[in-house]
Amino acid sequence: MNLNNRKNLLIISLAAESVLGGYGLLWGKQAAVVSILYLLAGLVFIVTVISIPVARLPQLRDIKNEWSLKLPIGVTMVLLAYLTASYWLDLIPIDPDFADMLPIMRVMNEKLLHGNLKQVYDPIPEIWNGSRPIYLPAMWVPYAPAVFFRLDMRWVTVISLLLSFAVVLWIIRLKNNSFYGIGQIVIIAILFWWLFARNDVHSLITMSEEGVVIFYFVMLCVAIISGNAMFMGITASLCVLSRYSMIGWIVPCLIFFMARKDFRKLIIFSATGAGCVLLFFLIPFGWKTLEQMIALPANYVGFAKTIWENSPEVFWLNPGLAKFFGPNRVAVLHETLIVTSFGIPILFMTCCLMQKKWKLENLNLACFKLSVLVFYQFIDVPYGYLFYTGTFVSLVIAAALLNKFQAFGSLPSSSIRFSSST
């Protein structure tokens, strides 16, 4: 298969993943088929990623050359986002009876703003007679400005989504790349309209905190493409301290650095990530809070059983695989999640590094995408809005692979081509 065919396959699988993860939810009784097709689209995307030349970010001159084309698109997105989000935020209030995540985070931020760091993770009497906060700092702290200025917290989600779209738009090449460039813009437009116009289906804007998570994962994806180990360490720590669905990628990433004998990047990445966790979590909130967070997964099986009893439709309104396990095999699903989230990325990285037959590119990037895909496919309670994180990761990767920017600098860390240039 030549390079153009591989790029065509990449954009087709990207489109399939984007549409199935969104509009596929409207197919009702075909939810099981949608789940299988979504998984296949993700796997095809990953295989294609490692068969395409190294992903690259644009240079300053490329950004300047396309500014006049991208600015109108960006302005249009901001206006549409404001209009549609305003409608949904006015229609649906922040209320723990609808969803308790944002109300809990609001109380946590109020304690933070009053300097009560040691009480942030104490039970909250006014929510469910003492609900205990379970959110990691990078998840709830970004809402502090909104709480301080008494704004609707959900505007943070809207801004995070717009920033995520802006990053993808920044990487896409439009000039002299019309087929792939326009194709990606169309996919972005379809996803954008789904996220902002069909909030009644997924509730991403009005009830979730996932916009912040999406932005973190987008930035980690950019960091991997850039090859900057410190940038990778910072963004990886933000992901771990929010929604740690990429946790299975960390060990393969370290294996990748060791295989390339790039011990400097390994040390910088590890030290930066550990330092951020220490600075933003352990020092302000203490070891006891960390122990509480580590113990949380043990409660997920019971929580999933409760959702099966009270809201079984949750398991069918998403492309995850939990629906195939059913209410009687929730424990099996949880064990599968743990084994596959750590095992599959390590196996993937090890096999790719050991094989000598093919010249594989973008290995670290592909493994990151694989870890996100596997985690959400087997997550205990697969709320539909969780899956848009993986879609944005794919958008960033595709944008960096389907451009025609001139090569610059040294070989990025996402390639496994061993040569003197690395």
Looking at (1) in contact (Cβ under 8 Å) with a residue 24 or more places away in the chain; (2) farther than 18 Å from ALA41 by Cα; (3) not hydroxyl-bearing (Ser, Thr, Tyr), can you tell me which one LYS357 breaks? (1)
Exclusive hit being of a type in the set (Val, Ile, Thr), in contact (Cβ under 8 Å) with a residue 40 or more places away in the chain and exposed (fewer than 15 other Cβ atoms within 10 Å of the Cβ), set ILE134, ILE94, ILE73: ILE134
Of (1) of a type outside the set (Lys, Arg); (2) assigned to a loop (DSSP other than H, G, I, E, B); (3) in contact with a helix residue (DSSP H, G or I) (Cβ under 6 Å, 6 or more places away or on another chain), ASN328 satisfies every one except (3)
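Here are some residues: PHE280, PHE256, PHE285. Which one is surrounded by fewer than 21 Cβ atoms within 10 Å (Cβ to Cβ), in contact (Cβ under 8 Å) with a residue 60 or more places away in the chain and under 23 Å from the mean Cα position of the chain (by Cα)?
Numbers: PHE256 fails: surrounded by fewer than 21 Cβ atoms within 10 Å (Cβ to Cβ); PHE285 fails: under 23 Å from the mean Cα position of the chain (by Cα).
Answer to the selection: PHE280.
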Can you tell me which of (1) more than 21 Å from THR389 (Cα to Cα); (2) among the aromatic types (Phe, Trp, Tyr); (3) outside any loop (DSSP other than H, G, I, E, B) is the one TRP128 doesn't meet? (3)
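I want to confirm something. Restricting to the stretch 259-305 and keeping residues that are of a type in the set (D, E, K, R) and within 20 Å of ARG132 (Cα to Cα), which single residue is modelled with the highest pLDDT?
Filtering the stretch 259-305 for residues of a type in the set (D, E, K, R) gives 260-262, 264-265, 288, 291, 305.
Within this subset, residues satisfying the condition of being within 20 Å of ARG132 (Cα to Cα) are 288, 291, 305.
On the way: LYS288: 89, GLU291: 89, LYS305: 95.
Across the stretch 259-305, the extreme among qualifying residues is LYS305.
I need a count of the residues in the stretch 288-321 that are outside any helix (DSSP H, G or I) and surrounded by 12 or more Cβ atoms within 10 Å (Cβ to Cβ). Even if it seems obvious, please write down each step before you answer.
Of the residues in the stretch 288-321, the ones outside any helix (DSSP H, G or I) are 311, 316-321.
Next cut, surrounded by 12 or more Cβ atoms within 10 Å (Cβ to Cβ) only: 316-321.
Number satisfying all stated conditions: 6.
Residue by residue through the stretch 118-144, note down the ones that are of a type in the set (S, T, N, Q) and over 27 Å from the mean Cα position of the chain (by Cα). Steps first, answer last, please.
Going through the stretch 118-144, the residues of a type in the set (S, T, N, Q) turn out to be 119, 129, 131.
GLN119, ASN129, listed by residue number.
Where residues in the stretch 331-369 are outside any helix (DSSP H, G or I) and out of contact with any Cys (no Cβ under 8 Å at 6 or more places or on another chain), which of them is surrounded by the most Cβ atoms within 10 Å (Cβ to Cβ)? Spell out the reasoning first.
Going residue by residue through the stretch 331-369, those that are outside any helix (DSSP H, G or I) are 355-362.
After this cut, where a residue has to be out of contact with any Cys (no Cβ under 8 Å at 6 or more places or on another chain) as well, the list is 355-359, 361-362.
Numbers: GLN355: 10, LYS356: 6, LYS357: 5, TRP358: 9, LYS359: 12, GLU361: 21, ASN362: 27.
Applying the filter and picking the extreme gives ASN362.
Could you grab me the full set of residues in the stretch 234-267 that are basic (Lys, Arg) and under 21 Å from ILE379 (Cβ atoms)?
Let us first name the residues in the stretch 234-267 that are basic (Lys, Arg), namely 243, 260-261, 264-265.
Passing the criteria: only ARG243.
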Filtered residues of the stretch 183-213 (kept if aliphatic (A, V, I, L, M) and within 16 Å of MET153 (Cα to Cα)): LEU204, ILE205, MET207, VAL212, VAL213
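Of all residues in the stretch 171-187, which are within 21 Å of the chain's Cα centre (by Cα) and surrounded by fewer than 20 Cβ atoms within 10 Å (Cβ to Cβ)? Show your work before the answer.
The first filter runs over the stretch 171-187 and keeps only residues within 21 Å of the chain's Cα centre (by Cα), leaving 171-172, 184-187.
Those that are within 21 Å of the chain's Cα centre (by Cα) and surrounded by fewer than 20 Cβ atoms within 10 Å (Cβ to Cβ): ILE185, VAL186.
Here are some residues: LEU83, LEU57, LEU26. Which one is in contact (Cβ under 8 Å) with a residue 60 or more places away in the chain, touching a helix residue (DSSP H, G or I) at 6+ places or on another chain (Cβ under 9 Å), under 25 Å from ILE185 (Cβ atoms) and loosely packed, with under 14 Cβ neighbours inside 10 Å?
LEU26
The values are calculated or read from the model by the stated rules, or taken from the named source; none is laboratory data. Just so we're clear, the structure is a prediction, and the values are computed from it rather than from any experiment. We place every Cβ from the backbone using ideal geometry, glycine too, and count neighbours over all the protein chains shown.
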